[in-house]
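The values are calculated or read from the model by the stated rules, or taken from the named source; none is laboratory data. Since this is a predicted model, take the numbers as computed values, not measurements. Cβ: placed from backbone, ideal geometry, glycine included. Neighbour counts: every protein chain shown.
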Amino acid sequence: MLANATVTALVGTMQKEASTAFYRDTLGLKFVADDGFAAIFEGKNARIRVSRVPAITPAAYAVLAFQVDDIDKVVDGLTAKGVVFQRYGFFVQDAKGVWSAPDGTKVAWFHDPDMNLLSVVQPA
């Protein structure tokens, strides 16, 4: 029923200006609009609606994943823009914070201004 529907991911923010700058300027997503309740951004194949909310309870898992072709290049570029990649004691991560899954997939995690956990993923 929804196989042909356009997907929009939802993320909450308590920091409208900081989130807009982060998603637009730091991550490089296209700013589409601000409808008074949320800022809407567009990537290659989906939209992200960063909705203003009264409180944030960050999930313990990544809420958005960006599939990339060259994770090292993306991590370097985001690090240069001030993004700090997360380290986890239960994963073996390289010097940049990239974890290599057993199948060869590579993942690195980082937070947005509201501590929503995001990731970049390079498929095997």
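Being among the β-branched types (V, I, T), touching a helix residue (DSSP H, G or I) at 6+ places or on another chain (Cβ under 7 Å) and modelled with pLDDT of 95 or more holds for only one residue in T20, T13, T79, and it is T13. Against the conditions (1) assigned by TED's automatic domain parsing to the domain that holds Q86; (2) exposed (fewer than 11 other Cβ atoms within 10 Å of the Cβ), L2 satisfies every one except (1).
Here is a yes/no grid of residues against (1) touching a residue at least 60 places away in the same chain (Cβ under 8 Å); (2) touching a strand residue (DSSP E or B) at 6+ places or on another chain (Cβ under 6 Å); (3) within 27 Å of M14 (Cβ to Cβ):
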| position | (1), (2), (3) |
| --- | --- |
| P54 | no, no, yes |
| T57 | no, no, yes |
| Q67 | no, yes, no |
| V74 | no, yes, yes |
| P102 | no, no, no |
| V120 | no, yes, yes |
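When residues in the stretch 44-60 are screened for being surrounded by 10 or more Cβ atoms within 10 Å (Cβ to Cβ) and either part of a strand (DSSP E or B) or at pLDDT 95 or above (or both), 7 of them pass.
Results for (1) loosely packed, with under 14 Cβ neighbours inside 10 Å; (2) assigned to a loop (DSSP other than H, G, I, E, B); (3) hydroxyl-bearing (S, T, Y), shown as yes or no for each residue.
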| residue | (1), (2), (3) |
| --- | --- |
| D76 | yes, no, no |
| T79 | no, no, yes |
| V83 | no, yes, no |
| F90 | yes, yes, no |
| G97 | no, yes, no |
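Of F66, F41, all but one fail to be part of a strand (DSSP E or B), under 18 Å from A124 (Cα atoms) and at pLDDT 95 or above; the exception is F66.
Is it the case, given these coordinates, that L10 is loosely packed, with under 14 Cβ neighbours inside 10 Å and not in a loop (DSSP other than H, G, I, E, B)?
Working: loosely packed, with under 14 Cβ neighbours inside 10 Å: yes; not in a loop (DSSP other than H, G, I, E, B): yes.
Answer is yes for this residue.
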